[in-house]
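Structure first, then comments.
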Amino acid sequence: MLTSERPSRIKIALVVYGVGQSGICVTTSIGTHPVMKLHHLRDFLAVAECGSIHAAARHLGLSQPSISRSIRDLEKELGVPLLDRGGRGAPLTAMGMLFARRANASVSELRKAREEILQAQGSVQGTVAACVSSLCHVALLPHALKPFSTRYPRVALHIVEASYPAVEARLKSGAIDIYVGPEPAGAPAQELQLEKLFDTTRVVVSRKGHPLVKARSLAELVDCDWITTSITHRAEAELGELFISRGLPPPHLALRAETALTWITALTNTDVLSITPRQSADSPTFKPLVEVLNLRESLSGPTIVLIRRSAVPPTPAAEFLCDLFRRTAARYPR
């Protein structure tokens, strides 16, 4: 006689209560015994971010025993140690790092679910996180800020300035909603989608009154000091290739600027030169401060793209920010 047993089921309950104020409560349960709750994930991620239970407790305003209890509950549920308690602090174990990635994504999705419900009901609350390159800071962002704050006055914008490789993992986890900047060298991860916004050309810029402002070729600029920007993640290599491809020696790289503020400060107060997209040099932010050298060479630039997750729809506020970037990008050549 053949007999079959009904497999045990893991019940996962998502309970949304008091959306306007109380937030979201999540409970996972095995059988009828609740084990994993949102505060477990919150406490674990705080330890992962702060580096110790003591620092996490201080950050959350909770007692150390309650944080320790949360972590022990998680470890009991998962059957593996999540923290290495043998040394200084509380670094994550290999299993802890795996769990942190999924826990981050889960907490991010729950936050977005709450915000989407609020926004669908006409409430304008939440957060939109965007990684915006230095070029897009001056070419796109100024045209988006006012209409976004008018439409969503209580939605906080979190703007990060970085190159794509630095934020790809946060895009995949949902910690960052969108990336707007130069197209990455390789195809983005499978769970991300890429949308072209516009093409760029680059120009050489200097401070006002630079002694070589009348130069007409790159050959005249070989002996100058240069500053690169974070326009792409391989800006130093691109600067050298620009000269080598024309039979010229690579120039001396004096400074690498991680932010637009560092870049413009160095450019306007020294004799360094730089290459930057035409849209950046012509922006109201930089045009009064820099000179564009009228060189014979045509310098191609990176394609500007928008990247976001493909399987998970953005919140209404995040989608509206994407639309604002698209509208401004339509002014530039494709």
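The values are calculated or read from the model by the stated rules, or taken from the named source; none is laboratory data. Quantities reported herein were computed from a predicted structural model and do not represent experimental measurements. Quick reminder, even Gly has a Cβ in these numbers, built from the backbone with ideal geometry, and neighbours come from all protein chains shown. All accessible areas refer to the heavy atoms of the entire protein, side chains included, with ligands and DNA or RNA removed. Shrake-Rupley method; radii C 1.70, N 1.55, O 1.52, S 1.80 Å.
Observations, loosely collected:
- Residue that is least open to solvent (accessible area, probe 1.4 Å), among those in the range 256-271 that are among the hydrophobic types (A, V, I, L, M, F, W, C) and without any contact (Cβ under 8 Å) to a residue 60 or more places away in the chain: 257
- Odd one out for residue 99, checked against (1) in contact with a Phe, Trp or Tyr (Cβ under 8 Å, 6 or more places away or on another chain); (2) under 25 Å from residue 278 (Cβ atoms): (2)
- Residue that is under 25 Å from residue 165 (Cβ atoms), outside any helix (DSSP H, G or I) and modelled with pLDDT of 95 or more, where the choices are 305, 312: 305
- The set of residues in the range 83-106 being among the hydroxyl-bearing types (Ser, Thr, Tyr) and not in a helix (DSSP H, G or I) consists of 93 alone.
- The set of residues in the range 141-179 that are assigned to a helix (DSSP H, G or I), of a type in the set (S, T, N, Q) and at pLDDT below 90 contains only 173.
- Residue in the range 206-217 that is farthest from residue 273 (Cα to Cα), counting only those that are under 34 Å from the mean Cα position of the chain (by Cα) and surrounded by 12 or more Cβ atoms within 10 Å (Cβ to Cβ): 207
- Only one entry of 60, 78 meets the criterion of being free of Cβ contacts under 8 Å to residues at least 60 places away in the same chain, more than 28 Å from residue 162 (Cβ to Cβ) and either in contact with a helix residue (DSSP H, G or I) (Cβ under 8 Å, 6 or more places away or on another chain) or open to solvent by less than 50 Å² (accessible area, probe 1.4 Å) (or both), and that entry is 78.
- Within the range 164-205, being surrounded by fewer than 17 Cβ atoms within 10 Å (Cβ to Cβ) and of a type in the set (S, T, N, Q) holds for 190, 193, 201.
- Taken over the range 63-93, the criterion of being among the aliphatic types (A, V, I, L, M) and either modelled with pLDDT of 90 or more or under 14 Å from residue 45 (Cα atoms) (or both) is satisfied by 67, 71, 74, 80, 82, 83, 90, 92.
- Qualifying residue in the range 185-207 (condition: of a type outside the set (Val, Ile, Thr), farther than 29 Å from residue 45 by Cα and assigned to a helix (DSSP H, G or I)): no
- Against the numbered list (1) more than 15 Å from residue 202 (Cβ to Cβ); (2) assigned to a loop (DSSP other than H, G, I, E, B), residue 297 comes up short only at (1).
- Answer from 326, 296, 246 - the residue that is basic (Lys, Arg) and open to solvent by less than 80 Å² (accessible area, probe 1.4 Å): 326
- Answer residue from the range 130-154, given it is open to solvent by less than 20 Å² (accessible area, probe 1.4 Å) and small (Gly, Ala, Ser) and is nearest to residue 182 (Cα to Cα) among those: 133
- Inspection of the range 277-287 identifies no residue that is within 17 Å of residue 223 (Cα to Cα) and open to solvent by less than 60 Å² (accessible area, probe 1.4 Å).
- Matching residues, the range 81-119, being within 25 Å of residue 148 (Cβ to Cβ) and exposed (fewer than 14 other Cβ atoms within 10 Å of the Cβ): 109
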